[in-house]
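The block underneath contains the structure these notes are about, expressed in C-alpha coordinates.
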Amino acid sequence: MPAAESDVILGELGVLLLECGTSVTDVRGTLEQVGRRATPGASTEFAILPEMVMVSRAGAASATTTVIGKGEALTFRQSARASRLVREVERGDVPLPDVPRRIAAIRATPRRHPAMQNLIGCGLLSLSLAMLFRCPWWAILLALLVGALVGGLTMVMMRVRAAAAIAPFVSAFISTILVGWVASTLELGPVPLFAVCAPIAILVPGALITNALLELTSTDIVTGASRLMYGLIMLAFMAAGVYSGAAITGLRIDSASAALVGEAVQLSTDHAGWDALPPLWMSWIAVGVLAIGIGLAFGSGFRLTVVCVVVMTGTYAVLALFSPQLGSIVATGVAAAVLFVAARVLERVTLAVPATVSFQPAFLLLVPGTIGLVSLASFDAQVLVSAPMMFLSLCIGTKVGALLADIARITRSAVFLRWVKPVRMGEL
(Lines give C-alpha, C1' and ligand atoms only; values in the text may rest on other atoms or scores of the structure.)
Protein backbone atom coordinates (compact mmCIF):
# COMPACT_ATOMS: atom_id res chain seq x y z
CA MET A 1 0.00 0.00 0.00
CA PRO A 2 1.35 3.50 -0.83
CA ALA A 3 2.57 5.46 2.20
CA ALA A 4 0.18 8.35 1.57
CA GLU A 5 -2.85 6.03 1.55
CA SER A 6 -1.81 4.25 4.74
CA ASP A 7 -1.28 7.61 6.45
CA VAL A 8 -4.81 8.67 5.57
CA ILE A 9 -6.21 5.42 6.96
CA LEU A 10 -4.24 5.82 10.19
CA GLY A 11 -5.54 9.39 10.47
CA GLU A 12 -9.14 8.24 9.98
CA LEU A 13 -8.66 5.57 12.64
CA GLY A 14 -7.32 8.21 15.04
CA VAL A 15 -10.28 10.52 14.37
CA LEU A 16 -12.63 7.62 15.06
CA LEU A 17 -10.99 7.09 18.47
CA LEU A 18 -11.26 10.81 19.26
CA GLU A 19 -14.98 10.67 18.54
CA CYS A 20 -15.22 7.78 21.01
CA GLY A 21 -14.04 10.14 23.77
CA THR A 22 -10.51 8.72 24.00
CA SER A 23 -7.83 11.12 25.26
CA VAL A 24 -5.25 12.33 22.75
CA THR A 25 -2.53 10.58 24.78
CA ASP A 26 -4.21 7.21 24.38
CA VAL A 27 -5.00 7.89 20.71
CA ARG A 28 -1.34 8.60 19.98
CA GLY A 29 -0.21 5.45 21.78
CA THR A 30 -2.76 3.32 19.92
CA LEU A 31 -1.82 4.75 16.52
CA GLU A 32 1.86 4.13 17.20
CA GLN A 33 1.13 0.47 17.93
CA VAL A 34 -1.08 0.13 14.85
CA GLY A 35 1.53 1.91 12.74
CA ARG A 36 4.27 -0.48 13.83
CA ARG A 37 2.08 -3.45 12.95
CA ALA A 38 0.62 -2.13 9.68
CA THR A 39 3.71 -0.37 8.30
CA PRO A 40 6.74 -2.23 9.66
CA GLY A 41 10.04 -0.45 9.21
CA ALA A 42 8.45 2.97 8.67
CA SER A 43 9.02 5.72 11.22
CA THR A 44 5.59 7.31 11.56
CA GLU A 45 4.90 10.28 13.83
CA PHE A 46 1.52 11.52 15.01
CA ALA A 47 0.27 14.89 16.24
CA ILE A 48 -3.18 14.74 17.82
CA LEU A 49 -5.60 17.61 18.42
CA PRO A 50 -9.17 17.32 19.77
CA GLU A 51 -10.72 16.97 16.28
CA MET A 52 -7.67 16.46 14.07
CA VAL A 53 -4.96 13.87 13.46
CA MET A 54 -1.73 14.69 11.62
CA VAL A 55 0.45 11.86 10.31
CA SER A 56 4.00 12.33 9.04
CA ARG A 57 7.00 10.13 8.31
CA ALA A 58 10.46 10.94 9.57
CA GLY A 59 12.75 12.00 6.73
CA ALA A 60 9.96 11.92 4.15
CA ALA A 61 9.74 14.77 1.67
CA SER A 62 5.97 14.56 1.34
CA ALA A 63 3.68 16.89 3.25
CA THR A 64 2.05 15.89 6.51
CA THR A 65 -1.28 14.09 6.08
CA THR A 66 -4.08 15.79 8.01
CA VAL A 67 -7.44 14.17 8.76
CA ILE A 68 -10.17 16.31 10.33
CA GLY A 69 -13.02 14.76 12.28
CA LYS A 70 -16.70 15.45 11.82
CA GLY A 71 -17.11 16.59 15.42
CA GLU A 72 -19.89 14.10 16.13
CA ALA A 73 -19.60 11.96 19.24
CA LEU A 74 -20.22 8.26 18.73
CA THR A 75 -22.69 6.22 20.73
CA PHE A 76 -21.35 3.68 23.22
CA ARG A 77 -22.29 0.91 20.80
CA GLN A 78 -20.28 2.53 18.01
CA SER A 79 -17.39 3.12 20.43
CA ALA A 80 -17.37 -0.56 21.32
CA ARG A 81 -17.14 -1.55 17.66
CA ALA A 82 -14.40 1.03 17.09
CA SER A 83 -12.40 -0.44 19.97
CA ARG A 84 -12.80 -3.94 18.59
CA LEU A 85 -11.61 -2.76 15.18
CA VAL A 86 -8.49 -1.17 16.67
CA ARG A 87 -7.61 -4.33 18.60
CA GLU A 88 -8.10 -6.48 15.52
CA VAL A 89 -5.83 -4.22 13.47
CA GLU A 90 -3.21 -4.31 16.25
CA ARG A 91 -3.25 -8.11 16.25
CA GLY A 92 -3.08 -8.27 12.46
CA ASP A 93 -6.53 -9.85 12.06
CA VAL A 94 -7.73 -6.94 9.90
CA PRO A 95 -5.42 -5.58 7.17
CA LEU A 96 -5.08 -1.82 6.88
CA PRO A 97 -6.81 -1.59 3.45
CA ASP A 98 -10.01 -3.01 5.01
CA VAL A 99 -10.14 -0.36 7.74
CA PRO A 100 -12.03 2.38 5.77
CA ARG A 101 -14.86 -0.04 4.99
CA ARG A 102 -15.10 -1.05 8.64
CA ILE A 103 -15.07 2.60 9.77
CA ALA A 104 -17.90 3.41 7.36
CA ALA A 105 -19.91 0.49 8.74
CA ILE A 106 -19.33 1.70 12.31
CA ARG A 107 -20.52 5.22 11.49
CA ALA A 108 -23.60 3.75 9.79
CA THR A 109 -24.58 1.64 12.82
CA PRO A 110 -28.32 2.19 13.22
CA ARG A 111 -29.91 3.32 16.46
CA ARG A 112 -33.57 2.56 17.03
CA HIS A 113 -35.79 5.41 18.16
CA PRO A 114 -32.94 7.71 19.27
CA ALA A 115 -35.27 10.54 20.32
CA MET A 116 -37.36 8.31 22.57
CA GLN A 117 -34.28 6.63 24.02
CA ASN A 118 -32.74 10.02 24.79
CA LEU A 119 -35.87 11.34 26.51
CA ILE A 120 -36.37 8.21 28.63
CA GLY A 121 -32.64 7.96 29.36
CA CYS A 122 -32.34 11.55 30.54
CA GLY A 123 -35.44 11.17 32.71
CA LEU A 124 -34.17 7.96 34.33
CA LEU A 125 -30.69 9.44 34.81
CA SER A 126 -32.14 12.48 36.57
CA LEU A 127 -34.52 10.40 38.71
CA SER A 128 -31.81 7.96 39.79
CA LEU A 129 -29.34 10.70 40.75
CA ALA A 130 -31.99 12.41 42.87
CA MET A 131 -32.76 9.05 44.51
CA LEU A 132 -29.08 8.15 44.93
CA PHE A 133 -28.41 11.43 46.74
CA ARG A 134 -31.57 10.86 48.79
CA CYS A 135 -33.72 13.80 47.81
CA PRO A 136 -37.35 13.79 49.04
CA TRP A 137 -39.86 11.88 46.95
CA TRP A 138 -41.36 15.07 45.51
CA ALA A 139 -37.90 16.08 44.27
CA ILE A 140 -37.33 12.63 42.75
CA LEU A 141 -40.59 12.82 40.78
CA LEU A 142 -39.84 16.39 39.71
CA ALA A 143 -36.33 15.39 38.62
CA LEU A 144 -37.81 12.69 36.36
CA LEU A 145 -40.10 15.15 34.59
CA VAL A 146 -37.62 18.01 34.31
CA GLY A 147 -34.81 15.66 33.26
CA ALA A 148 -36.86 14.32 30.35
CA LEU A 149 -37.74 17.90 29.35
CA VAL A 150 -34.09 18.96 29.47
CA GLY A 151 -33.14 15.94 27.35
CA GLY A 152 -35.65 16.90 24.69
CA LEU A 153 -34.65 20.56 24.75
CA THR A 154 -30.96 19.74 24.47
CA MET A 155 -31.56 17.32 21.61
CA VAL A 156 -33.37 20.04 19.64
CA MET A 157 -30.77 22.72 20.36
CA MET A 158 -27.84 20.50 19.43
CA ARG A 159 -29.15 20.31 15.87
CA VAL A 160 -28.38 24.01 15.37
CA ARG A 161 -24.72 24.95 15.71
CA ALA A 162 -25.39 28.43 17.11
CA ALA A 163 -27.94 27.11 19.61
CA ALA A 164 -25.65 24.27 20.72
CA ALA A 165 -23.17 26.80 22.12
CA ILE A 166 -25.71 28.12 24.64
CA ALA A 167 -27.50 24.83 25.31
CA PRO A 168 -25.84 24.39 28.76
CA PHE A 169 -27.04 27.84 29.89
CA VAL A 170 -30.56 27.51 28.47
CA SER A 171 -31.05 23.99 29.84
CA ALA A 172 -29.80 24.95 33.32
CA PHE A 173 -31.89 28.13 33.31
CA ILE A 174 -35.16 26.43 32.30
CA SER A 175 -34.53 23.51 34.66
CA THR A 176 -33.94 25.85 37.61
CA ILE A 177 -36.96 27.96 36.68
CA LEU A 178 -39.21 24.90 36.77
CA VAL A 179 -37.80 23.58 40.05
CA GLY A 180 -37.97 27.05 41.62
CA TRP A 181 -41.54 27.61 40.42
CA VAL A 182 -42.71 24.28 41.87
CA ALA A 183 -40.92 24.94 45.17
CA SER A 184 -42.43 28.43 45.40
CA THR A 185 -45.95 27.35 44.41
CA LEU A 186 -46.04 24.47 46.89
CA GLU A 187 -44.10 26.43 49.56
CA LEU A 188 -41.53 23.68 49.89
CA GLY A 189 -38.77 25.89 51.30
CA PRO A 190 -35.08 25.20 50.52
CA VAL A 191 -34.62 22.45 47.92
CA PRO A 192 -31.88 19.78 47.86
CA LEU A 193 -28.83 20.35 45.67
CA PHE A 194 -29.59 17.47 43.35
CA ALA A 195 -33.18 18.54 42.81
CA VAL A 196 -31.53 21.34 40.82
CA CYS A 197 -28.44 19.54 39.48
CA ALA A 198 -29.81 16.07 38.65
CA PRO A 199 -31.88 17.17 35.60
CA ILE A 200 -28.85 18.80 33.97
CA ALA A 201 -26.20 16.30 35.10
CA ILE A 202 -26.05 14.74 31.62
CA LEU A 203 -24.64 18.04 30.29
CA VAL A 204 -21.87 18.27 32.90
CA PRO A 205 -18.47 17.88 31.17
CA GLY A 206 -16.94 15.68 33.86
CA ALA A 207 -15.25 13.25 31.48
CA LEU A 208 -14.02 16.13 29.32
CA ILE A 209 -12.41 17.97 32.24
CA THR A 210 -10.83 14.83 33.66
CA ASN A 211 -9.45 13.90 30.23
CA ALA A 212 -8.04 17.42 30.00
CA LEU A 213 -6.22 17.08 33.31
CA LEU A 214 -4.88 13.67 32.31
CA GLU A 215 -3.60 15.12 29.04
CA LEU A 216 -1.95 18.01 30.87
CA THR A 217 -0.12 15.58 33.14
CA SER A 218 0.99 13.65 30.03
CA THR A 219 2.54 16.85 28.54
CA ASP A 220 -0.19 17.22 25.92
CA ILE A 221 -0.38 20.87 26.92
CA VAL A 222 -2.21 22.38 23.94
CA THR A 223 -4.99 19.81 23.81
CA GLY A 224 -5.32 19.52 27.57
CA ALA A 225 -5.50 23.28 28.06
CA SER A 226 -8.09 23.73 25.30
CA ARG A 227 -10.27 20.91 26.62
CA LEU A 228 -10.01 22.21 30.17
CA MET A 229 -10.96 25.74 29.12
CA TYR A 230 -13.92 24.48 27.12
CA GLY A 231 -15.11 22.32 30.02
CA LEU A 232 -14.82 25.21 32.49
CA ILE A 233 -16.75 27.49 30.13
CA MET A 234 -19.53 24.91 29.91
CA LEU A 235 -19.63 24.69 33.71
CA ALA A 236 -19.72 28.48 33.94
CA PHE A 237 -22.64 28.62 31.49
CA MET A 238 -24.53 26.05 33.53
CA ALA A 239 -23.79 27.86 36.79
CA ALA A 240 -24.99 31.13 35.23
CA GLY A 241 -28.21 29.40 34.21
CA VAL A 242 -28.73 28.11 37.76
CA TYR A 243 -27.98 31.55 39.25
CA SER A 244 -30.36 33.31 36.85
CA GLY A 245 -33.19 30.85 37.42
CA ALA A 246 -32.72 30.98 41.20
CA ALA A 247 -32.73 34.78 41.18
CA ILE A 248 -35.98 34.95 39.23
CA THR A 249 -37.88 32.35 41.28
CA GLY A 250 -36.30 33.03 44.68
CA LEU A 251 -35.02 29.45 44.83
CA ARG A 252 -32.98 28.57 47.91
CA ILE A 253 -30.58 25.64 48.15
CA ASP A 254 -30.65 23.38 51.22
CA SER A 255 -27.07 23.55 52.54
CA ALA A 256 -27.59 20.33 54.52
CA SER A 257 -28.32 18.21 51.44
CA ALA A 258 -25.77 15.75 50.09
CA ALA A 259 -23.16 16.88 47.55
CA LEU A 260 -21.15 13.63 47.49
CA VAL A 261 -22.07 9.94 47.47
CA GLY A 262 -20.44 9.42 50.86
CA GLU A 263 -22.57 12.16 52.41
CA ALA A 264 -25.89 10.75 51.18
CA VAL A 265 -25.78 7.77 53.57
CA GLN A 266 -25.72 10.13 56.56
CA LEU A 267 -28.96 11.95 55.71
CA SER A 268 -32.09 11.37 57.76
CA THR A 269 -35.44 13.09 58.29
CA ASP A 270 -38.56 12.83 60.41
CA HIS A 271 -40.84 13.87 57.54
CA ALA A 272 -43.36 11.48 56.01
CA GLY A 273 -45.16 11.23 52.70
CA TRP A 274 -43.74 13.19 49.78
CA ASP A 275 -41.25 14.95 52.08
CA ALA A 276 -39.71 11.67 53.27
CA LEU A 277 -36.34 10.42 52.06
CA PRO A 278 -36.12 7.09 50.23
CA PRO A 279 -34.67 4.25 52.34
CA LEU A 280 -30.94 3.74 52.09
CA TRP A 281 -31.24 0.32 50.46
CA MET A 282 -32.93 1.93 47.45
CA SER A 283 -29.60 3.57 46.58
CA TRP A 284 -28.47 0.24 45.10
CA ILE A 285 -31.56 0.19 42.89
CA ALA A 286 -30.86 3.81 41.93
CA VAL A 287 -27.38 2.83 40.71
CA GLY A 288 -28.89 0.22 38.39
CA VAL A 289 -31.50 2.67 37.10
CA LEU A 290 -28.73 5.24 36.58
CA ALA A 291 -26.78 2.77 34.44
CA ILE A 292 -29.89 1.98 32.38
CA GLY A 293 -30.53 5.70 31.89
CA ILE A 294 -26.96 6.23 30.71
CA GLY A 295 -27.25 3.26 28.38
CA LEU A 296 -30.39 4.69 26.77
CA ALA A 297 -29.07 8.26 26.56
CA PHE A 298 -25.72 7.24 25.04
CA GLY A 299 -26.94 4.38 22.84
CA SER A 300 -25.32 1.40 24.56
CA GLY A 301 -27.48 -1.48 23.45
CA PHE A 302 -28.58 -4.30 25.76
CA ARG A 303 -25.24 -6.04 26.41
CA LEU A 304 -23.30 -2.85 27.05
CA THR A 305 -26.07 -1.62 29.34
CA VAL A 306 -25.61 -4.78 31.41
CA VAL A 307 -21.88 -3.98 31.55
CA CYS A 308 -22.74 -0.44 32.72
CA VAL A 309 -24.91 -1.83 35.51
CA VAL A 310 -22.11 -4.12 36.72
CA VAL A 311 -19.42 -1.42 36.49
CA MET A 312 -21.46 1.27 38.24
CA THR A 313 -22.60 -1.09 40.98
CA GLY A 314 -18.95 -2.00 41.62
CA THR A 315 -17.97 1.67 41.65
CA TYR A 316 -20.70 2.51 44.13
CA ALA A 317 -19.64 -0.40 46.32
CA VAL A 318 -16.05 0.89 46.43
CA LEU A 319 -17.22 4.43 47.24
CA ALA A 320 -19.60 3.20 49.94
CA LEU A 321 -16.84 1.04 51.46
CA PHE A 322 -14.00 3.56 51.51
CA SER A 323 -15.78 6.92 51.96
CA PRO A 324 -16.48 6.47 55.71
CA GLN A 325 -12.86 5.42 56.41
CA LEU A 326 -10.86 7.60 53.99
CA GLY A 327 -13.18 10.49 53.22
CA SER A 328 -14.92 11.23 49.93
CA ILE A 329 -11.91 12.82 48.23
CA VAL A 330 -9.48 9.94 48.84
CA ALA A 331 -12.20 7.36 48.20
CA THR A 332 -12.77 8.91 44.77
CA GLY A 333 -9.12 8.33 43.86
CA VAL A 334 -9.20 4.75 45.16
CA ALA A 335 -12.37 4.02 43.19
CA ALA A 336 -10.83 5.54 40.05
CA ALA A 337 -7.72 3.35 40.38
CA VAL A 338 -9.72 0.15 40.95
CA LEU A 339 -12.13 0.96 38.16
CA PHE A 340 -9.38 1.81 35.67
CA VAL A 341 -7.60 -1.51 36.24
CA ALA A 342 -10.92 -3.36 35.93
CA ALA A 343 -11.74 -1.46 32.73
CA ARG A 344 -8.38 -2.42 31.19
CA VAL A 345 -8.90 -6.07 32.12
CA LEU A 346 -12.38 -6.00 30.61
CA GLU A 347 -11.06 -4.31 27.48
CA ARG A 348 -8.44 -6.99 26.84
CA VAL A 349 -10.64 -9.94 27.76
CA THR A 350 -13.70 -8.68 25.89
CA LEU A 351 -12.74 -6.86 22.72
CA ALA A 352 -16.26 -5.44 22.44
CA VAL A 353 -16.03 -3.40 25.67
CA PRO A 354 -13.46 -0.59 25.43
CA ALA A 355 -12.17 1.04 28.58
CA THR A 356 -13.76 4.35 27.59
CA VAL A 357 -17.21 2.75 27.51
CA SER A 358 -16.86 0.93 30.85
CA PHE A 359 -15.09 3.82 32.61
CA GLN A 360 -17.08 6.82 31.39
CA PRO A 361 -20.44 6.01 33.05
CA ALA A 362 -18.75 5.91 36.45
CA PHE A 363 -17.91 9.62 36.16
CA LEU A 364 -21.45 10.42 37.31
CA LEU A 365 -20.73 8.51 40.54
CA LEU A 366 -17.17 9.77 40.95
CA VAL A 367 -18.74 13.20 40.26
CA PRO A 368 -15.70 15.11 39.00
CA GLY A 369 -17.83 17.49 36.94
CA THR A 370 -21.06 17.28 38.90
CA ILE A 371 -19.29 18.30 42.08
CA GLY A 372 -18.00 21.36 40.25
CA LEU A 373 -21.51 22.38 39.27
CA VAL A 374 -22.86 21.52 42.71
CA SER A 375 -20.18 23.62 44.40
CA LEU A 376 -21.05 26.60 42.22
CA ALA A 377 -24.78 26.16 42.84
CA SER A 378 -24.48 25.65 46.59
CA PHE A 379 -22.99 29.06 47.42
CA ASP A 380 -20.73 27.16 49.83
CA ALA A 381 -17.06 28.22 49.81
CA GLN A 382 -15.90 24.99 51.46
CA VAL A 383 -17.58 22.85 48.82
CA LEU A 384 -16.10 25.08 46.11
CA VAL A 385 -12.59 24.54 47.48
CA SER A 386 -13.06 20.76 47.61
CA ALA A 387 -14.00 20.54 43.91
CA PRO A 388 -10.40 20.91 42.58
CA MET A 389 -9.26 18.31 45.11
CA MET A 390 -11.86 15.88 43.75
CA PHE A 391 -10.51 16.41 40.22
CA LEU A 392 -6.91 15.88 41.37
CA SER A 393 -7.84 12.78 43.35
CA LEU A 394 -9.56 11.31 40.31
CA CYS A 395 -6.58 12.06 38.06
CA ILE A 396 -4.07 10.61 40.53
CA GLY A 397 -6.22 7.51 40.97
CA THR A 398 -6.47 7.04 37.22
CA LYS A 399 -2.71 7.45 36.78
CA VAL A 400 -2.05 4.94 39.57
CA GLY A 401 -4.51 2.54 37.95
CA ALA A 402 -2.71 2.89 34.61
CA LEU A 403 0.63 2.25 36.33
CA LEU A 404 -0.70 -0.86 38.04
CA ALA A 405 -2.12 -2.11 34.75
CA ASP A 406 1.25 -1.64 33.04
CA ILE A 407 3.21 -3.25 35.88
CA ALA A 408 0.95 -6.27 35.87
CA ARG A 409 1.12 -6.26 32.06
CA ILE A 410 -2.62 -6.55 31.95
CA THR A 411 -2.92 -4.67 28.72
CA ARG A 412 0.09 -6.16 26.97
CA SER A 413 0.86 -9.54 28.46
CA ALA A 414 0.70 -12.45 26.04
CA VAL A 415 0.69 -14.81 29.02
CA PHE A 416 -2.52 -13.24 30.29
CA LEU A 417 -4.12 -13.50 26.86
CA ARG A 418 -3.18 -17.16 26.59
CA TRP A 419 -4.96 -17.96 29.84
CA VAL A 420 -8.02 -15.83 29.07
CA LYS A 421 -9.37 -16.16 25.56
CA PRO A 422 -10.76 -12.87 24.20
CA VAL A 423 -14.53 -12.85 23.85
CA ARG A 424 -16.33 -10.79 21.25
CA MET A 425 -19.81 -10.95 22.77
CA GLY A 426 -21.36 -11.28 19.32
CA GLU A 427 -22.51 -8.31 17.28
CA LEU A 428 -23.39 -5.64 19.85
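Before moving on, here are some points about what is shown:
- Residues of the stretch 300-315 that are open to solvent by 10 Å² or more (accessible area, probe 1.4 Å) and touching a residue at least 24 places away in the same chain (Cβ under 8 Å): 301, 303, 307, 311, 313, 314.
- Selection of the stretch 189-219 for residues being touching a residue at least 12 places away in the same chain (Cβ under 8 Å) and not in a helix (DSSP H, G or I) yields 189, 190, 191, 192, 204, 205, 218.
- Any chance residue 224 is under 14 Å from residue 166 (Cα atoms) and either surrounded by fewer than 21 Cβ atoms within 10 Å (Cβ to Cβ) or of a type in the set (Gly, Ala, Ser) (or both): no
- Set side by side, the residues 237, 173, 194 differ, and just one is among the aromatic types (Phe, Trp, Tyr), closer than 23 Å to residue 117 by Cα and more than 16 Å from the chain's Cα centre (by Cα), which is 194.
- Test: residue in the stretch 87-103 that is among the acidic types (Asp, Glu), assigned to a loop (DSSP other than H, G, I, E, B) and either modelled with pLDDT of 80 or more or buried (at least 18 other Cβ atoms within 10 Å of the Cβ) (or both): yes
- Among the residues of the stretch 156-182, those identified as under 13 Å from residue 248 (Cβ atoms), open to solvent by 40 Å² or more (accessible area, probe 1.4 Å) and touching a residue at least 60 places away in the same chain (Cβ under 8 Å) are 173, 174, 177, 181.
- Residue 84 vs. criteria under 22 Å from residue 301 (Cβ atoms), at pLDDT 80 or above, within 20 Å of the chain's Cα centre (by Cα) and open to solvent by 50 Å² or more (accessible area, probe 1.4 Å): no
- Residue match in the stretch 285-299 (condition: open to solvent by less than 70 Å² (accessible area, probe 1.4 Å), farther than 30 Å from residue 108 by Cα and modelled with pLDDT of 80 or more): yes
- The single condition from (1) within 24 Å of residue 286 (Cα to Cα); (2) surrounded by 24 or more Cβ atoms within 10 Å (Cβ to Cβ); (3) among the aliphatic types (A, V, I, L, M) that residue 145 fails is (2).
The values are calculated or read from the model by the stated rules, or taken from the named source; none is laboratory data. Every value quoted in this text rests on a predicted model; they were computed, and no experiment measured them. Heads up, the Cβs are rebuilt from the backbone with ideal geometry, glycines too, and the neighbour counts pull from every protein chain shown. These area figures cover heavy atoms from the full protein model, side chains too; ligands, DNA and RNA do not enter into them. Shrake-Rupley method; radii C 1.70, N 1.55, O 1.52, S 1.80 Å.
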